[in-house]
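A short worksheet on the structure shown next.
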Amino acid sequence: MDNIVISNLDGNEWKKIRHKYHSLNKGMDKNIAAKILFEFDDIMKDNNIQYFLSCGTALGFYRDGNFIEWDDEIDVDVLSAKLMPKFDALKYNFLQKGFVVRTTNRGNTSKMNVFKEGIKIAISSLDLQGKYRIYSNQKIPQHLYNDTHKFKYLDRAFNLPNPIDEYLTWYYGDWKTVIKSYEPKSYMNKNVWR
């Protein structure tokens, strides 16, 4: 099956074959992850969409200088005002570049997961509601997305929320302590949940 057919499978059919495109709870090959992240970055730049590396990807880059060894996906946040007007065009661009694209449409907090060579990039659309950026069941102070913390990875600059220490503390609490777990409630700060 080609990537476009796979991208359009219903949820039940996708669940049967998802393991062929992404290994849940298994660390990524860092070299392949870097290659796919760079391809993703090129597509986002071509579409003039600013994004932030977030969650475990931001934590790994800032704390460890690389992907966390056991992280199973690349996490990306995009402000909904930037992503949603280009959502369909962006999906088309990823498909044209050979990615499998799975979307969840829920207005300004829609999400897009893109898969290639065993790597998953989870793109979250963050909607502004009061003083928070909202995604699904999480909230993050909006001011953390007013500016970027630039992080250089393999000679390419990536955006992280800013100030990054405050973001990581909001998201994880004690982010300097390494916790190897695939259960979010064991490592995420309770303030994140809404």
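Just so it is clear, none of the values below were taken in a lab; they were calculated from the coordinates. This is a predicted model, so every value here is computed, not measured. Virtual Cβ from ideal backbone geometry, glycine too; neighbours counted across all protein chains shown.
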For this session: Specify whether the C-alpha gyration tensor of the stretch 129-194 places it in the rounded, prolate or oblate class, a ≥ b ≥ c being the square roots of the eigenvalues: rounded for a/c under 1.5, otherwise prolate if a/b is larger than b/c and oblate if not.
Result: oblate
For this session: Distance from a point 7 Å along Cα→Cβ of Q50 to each backbone N in the stretch 113-132: keep the residues under 18 Å and list them by number.
Result: 124-129, 132
Seminar exercise, completed: Residues F38, F115 in order from fewest to most other beta-carbon atoms within 10 Å are F38, F115
Problem set entry | Burial ranking of peptide ranges 145-154, 118-127, 78-87, 178-187 (average Cβ count within 10 Å, highest at the top) | 118-127, 78-87, 145-154, 178-187
Exercise. How about the stretch 49-136: which GluC sites (Glu not before Pro) there are in a DSSP loop, with at most 10 other Cβ atoms within 10 Å of their Cβ?
Worked result: none
Exercise. Of the cross-linked pairs K15/K131; K20/K185; K20/K139; K97/K139; K15/K152; K26/K152, which ones have a Cα-Cα span greater than 29 Å in the structure shown?
Worked result: K15/K131; K20/K139; K97/K139; K15/K152
Problem set entry | Shape call, the chain: gyration tensor on alpha carbons, a/c limit 1.5 | rounded
Seminar exercise, completed: The set of residues whose placed amide H lies less than 5 Å from the amide H of R133, leaving out same-chain residues fewer than 5 positions away, is I140, Q142
